[in-house]
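Colleague: I have a structure here, written as structure tokens, and I will follow up with some questions on it.
The values are calculated or read from the model by the stated rules, or taken from the named source; none is laboratory data. What you see is a predicted model, and the numbers here were worked out from it, not measured in a lab. No Cβ is skipped: glycine too gets one built from the backbone with ideal geometry, and neighbour counts run over all protein chains shown.
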Amino acid sequence: MISYQTIPTSMNAIIAVGHGEVDVLQKQNIPVPHPNQGEVLVRVMAAGVNRPDIMQRKGLYPPPAGACPRLGLEIAGEVVVCGTSEGDGKILPHGSRVCALTNGGGYAEYCVVPIGQCLPWPKGLTAVQAAALPEACFTVWSNLFMPTILPTGTRVLIHGGASGIGTMAIQLVHAFGGEVYTTAGTEKKCALCKELGAVAAINYREEDFLSRIRALTDDMGVNVILDIIGGSYFNRNLKSLATDGKLVIIALQGGAKADQADLSRIMTRRLTVTGSTLRARNKANKICIAQDLYKHVWPLLEAGTVIPLIHAVFPLDRVADAHQIMEDGQHSGKIVLEC
């Protein structure tokens, strides 16, 4: 490790002093972390706020073994202490502008990140926009486009279309020739989803998405569903899928259990039900996703074909406000902290 500038010995960081509501979040002065082999130290300019942060604050989503226990899963900033990666010898020099999927600790002035989880700051984007990319891009790409890119014309239903992940998923599926359907909770959010490329946006508060999907697809159903709800949507999701369809569950906002699941439908329609969490993936898997993103998605970002949508930006010491807005569910796109 080589330091190219004087790094402070301490920094401001957000600490959860217990599990609970937003009042457990406090700004404290703590030591600046030191990177190990295969890591870099990044001076954080902006950090994304994500629902797993909310769940961790409440004690419902503990960090995996070895991860930083502090909140913050994505950042954008400048490399101030560089090193060499353990595998391919990749070097990120001092001054490199990066956005990165962290292993925790992003709500701070400095953050240690594995080199393989860093991506170049896309040309033309601000720090806030760059910080809004990693969590959504890694999640959407790994669940919808790996190991193979969706064929043109694939019908995809994206639940929570106005969320940070939803707005990115709509744009990427549309950019690669997919036919996007989505759900959202207000007419304004539905209109946004259609502006981003959705063929149809269903207001789940006013319409049953299963009935609408059947009508919109002439009873054929969709080929893939990206689901953030889980249990309460499970049976309707199965009934919304075409033969050989795939249900991908990435969050459980509607519960972890599904009552009276129609398992026979999985068999007779040859359906695939799968799911994943991003944070628990190992280093090699995250590096593979990052490399795929750089090859396929970064050109779209730099061309302006795909853009991160920003709902609100808060200074670090107003992190409680950022969390509250996310919990209230009225946002469209990403919520970001400026550090």
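Colleague: Can you tell which of C111, C137 is out of contact with any helix residue (DSSP H, G or I) (no Cβ under 8 Å at 6 or more places or on another chain), touching a residue at least 60 places away in the same chain (Cβ under 8 Å) and surrounded by 21 or more Cβ atoms within 10 Å (Cβ to Cβ)? Working first, answer last.
Modeller: Working: C137 fails: out of contact with any helix residue (DSSP H, G or I) (no Cβ under 8 Å at 6 or more places or on another chain).
The conditions single out C111.
Colleague: For region 227-237, check the following and say yes or no: at least one residue is out of contact with any Phe, Trp or Tyr (no Cβ under 8 Å at 6 or more places or on another chain), of a type in the set (V, I, T) and not assigned by TED's automatic domain parsing to the domain that holds F145.
Modeller: No: region 227-237 contains no residue that is out of contact with any Phe, Trp or Tyr (no Cβ under 8 Å at 6 or more places or on another chain), of a type in the set (V, I, T) and not assigned by TED's automatic domain parsing to the domain that holds F145.
Colleague: So which helices (runs of 4 or more DSSP H) stay within region 255-321 end to end and still have 1 or more residues that are under 24 Å from M168 (Cβ atoms)?
Modeller: Details: elements: 263-268, 283-296, 298-303.
Ranges flagged: 283-296, 298-303.
Colleague: Now for a different question. With V49, V22 as the choices, which residue is out of contact with any strand residue (DSSP E or B) (no Cβ under 9 Å at 6 or more places or on another chain), surrounded by 15 or more Cβ atoms within 10 Å (Cβ to Cβ), farther than 19 Å from C118 by Cβ and among the aliphatic types (A, V, I, L, M)?
Modeller: Values: V49 fails: out of contact with any strand residue (DSSP E or B) (no Cβ under 9 Å at 6 or more places or on another chain).
Of the residues listed, the single one that is out of contact with any strand residue (DSSP E or B) (no Cβ under 9 Å at 6 or more places or on another chain), surrounded by 15 or more Cβ atoms within 10 Å (Cβ to Cβ), farther than 19 Å from C118 by Cβ and among the aliphatic types (A, V, I, L, M) is V22.
Colleague: Which of the residues spanning region 217-254 are polar (S, T, N, Q), surrounded by fewer than 20 Cβ atoms within 10 Å (Cβ to Cβ) and assigned to a strand (DSSP E or B)? Talk me through it step by step, then tell me what you get.
Modeller: Taking region 217-254 first, the residues polar (S, T, N, Q) are 217, 223, 232, 235, 237, 240, 243, 253.
Next cut, surrounded by fewer than 20 Cβ atoms within 10 Å (Cβ to Cβ) only: 217, 232, 235, 243, 253.
Hit for region 217-254 is T243, nothing else.
Colleague: When you scan region 225-248, do you find a residue that is at pLDDT below 95, of a type in the set (D, E, K, R) and more than 18 Å from the chain's Cα centre (by Cα), even just one?
Modeller: No.
Colleague: Sticking with this structure for a sec: State all residues of region 165-216 that are among the aromatic types (F, W, Y) and either in the same structural domain as D328 (by TED's automatic domain parsing) or part of a helix (DSSP H, G or I) (or both); if no residue qualifies, say none. Show your work before the answer.
Modeller: Of region 165-216, the ones among the aromatic types (F, W, Y) are 176, 181, 204, 209.
Residue satisfying the conditions is F209 alone.
Colleague: Could you grab me the full set of residues in region 8-52 that are in a strand (DSSP E or B) and among the β-branched types (V, I, T)?
Modeller: Our first condition is that a residue be in a strand (DSSP E or B); within region 8-52, this holds for 10-16, 25-31, 39-49.
Answer for region 8-52, where residues must be in a strand (DSSP E or B) and among the β-branched types (V, I, T): I14, I15, I30, V40, V42, V44, V49.
Colleague: Any idea which of A280, A312, A322 is closer than 23 Å to G160 by Cβ, of a type outside the set (D, E, K, R) and at pLDDT below 95?
Modeller: Working: A312 fails: at pLDDT below 95; A322 fails: at pLDDT below 95.
Only one candidate qualifies: A280.
Colleague: Any idea which of (1) modelled with pLDDT under 95; (2) surrounded by 15 or more Cβ atoms within 10 Å (Cβ to Cβ) is the one D262 doesn't satisfy?
Modeller: With respect to (1) modelled with pLDDT under 95; (2) surrounded by 15 or more Cβ atoms within 10 Å (Cβ to Cβ), D262 is out only on (2).
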